[in-house]
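The values are calculated or read from the model by the stated rules, or taken from the named source; none is laboratory data. Note that the coordinates shown come from a computational prediction; the quantities given were computed from them, not determined experimentally. Backbone-built Cβ (ideal geometry, glycine too); neighbour counts: all protein chains shown.
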C-alpha cells in the first residue's frame, strides 16, 4: 500500500501523510513501534506485579485480554516485525524498537529469576508460558470466522501457565 493509499483509506490528506512519514517503510516502522510500545507497557506491568507465578499468569492473561480489546493492533503483533520491512526502517525507529525489545527481554529475565532463581531453562519456560501460549490461543481465534476470542481463553491460558511454571 502506498502512502497516498494510506491517506485515502484513513481520510487524511496525502500531503499530511507524506509530511509525517518520509516513506512507506517509515510508516510501517512507526506502526510497529507504536503497537509494541502500547502492548508492552501493560504486559510488563502485569509481569512485574505480585509474586512471580501470579505475575506470569497476569501477563499471559493480559495478552489475551489486550488482543480482544485491540483487534487490529493484535493482528500487527501476530504478524511479527519481519512483515513490516524492518531492514528499511529509519535509524531512529530501529533504535527505539531495539530499546523496547531490550525492555521486554529484561522483564522476562527478571520474572524468570524471581520464579526460579537461576535454574536452567527458567527463562525459556517463562517465555513459553507468557508469550507463546497466549499468542497461539489468540492466533487460533483470529483465524476463525468472527475473530472473537472466547472469555474462557484467559482461564485456559492460566491453567497452562500454572502447569508449566508451578
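Among the residues of the range 17-31, is any surrounded by fewer than 19 Cβ atoms within 10 Å (Cβ to Cβ), at pLDDT below 95, touching a helix residue (DSSP H, G or I) at 6+ places or on another chain (Cβ under 8 Å) and closer than 20 Å to residue 139 by Cβ? Yes; the residues of the range 17-31 include at least one that is surrounded by fewer than 19 Cβ atoms within 10 Å (Cβ to Cβ), at pLDDT below 95, touching a helix residue (DSSP H, G or I) at 6+ places or on another chain (Cβ under 8 Å) and closer than 20 Å to residue 139 by Cβ. Residue 124 meets the stated requirement of being more than 23 Å from residue 30 (Cα to Cα) and loosely packed, with under 15 Cβ neighbours inside 10 Å.
So that you can scan it fast, the table gives a plain yes or no per residue for (1) more than 10 Å from residue 29 (Cα to Cα); (2) at pLDDT below 95:
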{"site": "71", "(1), (2)": "yes, yes"}
{"site": "76", "(1), (2)": "yes, yes"}
{"site": "82", "(1), (2)": "yes, yes"}
{"site": "86", "(1), (2)": "no, yes"}
{"site": "97", "(1), (2)": "no, no"}
{"site": "108", "(1), (2)": "yes, no"}
{"site": "114", "(1), (2)": "yes, yes"}
{"site": "118", "(1), (2)": "yes, yes"}
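Would you check if residue 139 is more than 15 Å from residue 53 (Cβ to Cβ), touching a residue at least 60 places away in the same chain (Cβ under 8 Å), assigned to a helix (DSSP H, G or I) and touching a helix residue (DSSP H, G or I) at 6+ places or on another chain (Cβ under 7 Å)? Yes, satisfied. Can residue 46 be described as modelled with pLDDT of 90 or more, out of contact with any strand residue (DSSP E or B) (no Cβ under 9 Å at 6 or more places or on another chain) and under 26 Å from residue 95 (Cα atoms)? For residue 46, the condition - modelled with pLDDT of 90 or more, out of contact with any strand residue (DSSP E or B) (no Cβ under 9 Å at 6 or more places or on another chain) and under 26 Å from residue 95 (Cα atoms) - is met. Residues in the range 81-91 that are in contact with a helix residue (DSSP H, G or I) (Cβ under 9 Å, 6 or more places away or on another chain) and exposed (fewer than 15 other Cβ atoms within 10 Å of the Cβ): 83, 85, 87, 88. Each residue in the range 133-166 was checked for being over 20 Å from the mean Cα position of the chain (by Cα), farther than 25 Å from residue 122 by Cβ and at pLDDT 90 or above, and 1 of them qualify.
One residue stands out among those in the range 66-78 that are surrounded by fewer than 18 Cβ atoms within 10 Å (Cβ to Cβ) and more than 10 Å from the chain's Cα centre (by Cα): the one that is nearest to residue 151 (Cα to Cα), which is 69.
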